[in-house]
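What follows is calculated from the coordinates using simple rules that are stated; it is not laboratory data. Fair warning: this is a prediction, and the values are worked out from it, not measured in the lab. Note: ideal-geometry Cβ built from the backbone for every residue, glycine included; neighbour counts use all protein chains shown.
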Amino acid sequence: MNNRIQGVFLGSGAARYIGLGFLPKWVRIRNMTDAAIPAIEWNEDMAVTTISPEGILTAISNGNCAMSVLTVGAGVIPYIGKDAVTAAAATKIVHVSMAQDPAVFPGVQGDQRGAGTGGLITNYTVDTPGNRTGHFNAPVNTTYVGIGSVVYISGQRYHIVGLTSTGDSANNVTLDRAIVGNPIPGEMANTVEYLTTMYSFVNAPAGLIMPDGIYLAETATVNASGKVCLIEAR
């Protein structure tokens, strides 16, 4: 079993269970939206102390790194899953590879090429090479696809760093780098092979048996509503 994972989720401002697929020994969660880039770091051995059993919170304050302890009920604790999700909600999130409900995540492990209402995304057109912009042949579902989504085009991996509207008009999509040549013999140039969700952790679909992970009680600084959070665990 691979007891190591990383990904991105959207802060909710509410305590939540995060399914990782294992019980971690170490976790770091960083708010990537705020200039103070606050982060929680937790280690299972912190349980030995009553001062900071649920982690340490750090953030930049007036140019300095400020640290505070997370007491019981304020940070991170291990979570043994196994409970069934009765309704999808932000209180329980899992890595998209664990969310197998085809009504929510069509295709294999969240492939979003067919999730829009305008047909299957199969091709990417380069519009302005110097700006790294182009568009898809069909609209994306912006509930799941956006800045941070990964798209595989003719065997190459790109990140979407800009998205206007639904991505199917000229210059709607900005990639992190310019499109390179087509490396796959016999394949049409700029074929879209895979498109991921913008967040790698998503609401667990109804019926899913939650995997092991953590319970995140912090809600105001790192896991605040609408904040993009990077999580690493092992």
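Here the Gaussian network model covers the chain, with springs between Cα atoms less than 10 Å apart; of VAL151, VAL202, VAL72, VAL72 fluctuates the most. In this structure, the amide hydrogen of THR33, modeled 1.01 Å from its nitrogen in the peptide plane, lies closer than 5 angstrom to those of VAL228, counting only residues at least 5 positions away or on a different chain.
Apply 1/(1 + (r/R0)^6) to the Cβ-Cβ distance of ALA189 and ALA35, taking R0 = 45 Å, and write down the FRET efficiency to the nearest 0.05.
Details: r = 41 Å, r/R0 = 0.91.
The calculated FRET efficiency here is 0.65.
Two decimals, Cα atoms only, Kirkwood Rh: what is Rg/Rh over the chain? Kindly include the intermediate steps, with their values, before the conclusion.
Working: Rg = 19.5 Å, Rh = 19.0 Å.
Rg/Rh for the chain comes to 1.03.
In terms of its alpha-carbon gyration tensor, the stretch 55-101 comes out prolate; a/c meets the 1.5 threshold, and the first ratio a/b outweighs b/c. Seen from ARG4, the other residues with C-beta closer than 13 Å to its C-beta sum to a net charge of +2, counting Lys and Arg as +1 and Asp and Glu as -1. Residue-normalised convex hull volume from the C-alpha trace of the stretch 108-195: 86 Å³ per residue. Simple point charges give the picture: +1 on the Cβ of Lys and Arg, -1 on the Cβ of Asp and Glu, and for the chain a dipole about the Cα centre of about 100 debye.
Can you give the relative contact order of the stretch 108-195 as a percent, counting alpha carbon pairs under 8 Å and 6+ residues apart? Please report the intermediate quantities before stating the final value.
Working: 199 pairs, mean separation 28.2, N = 88.
Relative contact order for the stretch 108-195 comes out at 32 percent.
Here is the size of the stretch 1-130 from its Cα atoms: Rg then Dmax, 19.0, 58 Å. Full extension of the chain segment joining THR125 with ARG4 gains 40.0 nm, where the gain is 0.36 nm per residue of separation less the Cα-Cα distance. Near ALA138, once Lys and Arg are set to +1 and Asp and Glu to -1 for all other residues with Cβ below 11 Å from its Cβ, the sum equals 0. In this label model, VAL150 and ARG234 are separated by 1.8 nm, measuring between points 7 Å along each Cα→Cβ vector. Here the calculated FRET efficiency for ALA220 and THR117, from their Cβ-Cβ distance with R0 = 35 Å, stands at 0.40, rounded to the nearest 0.05.
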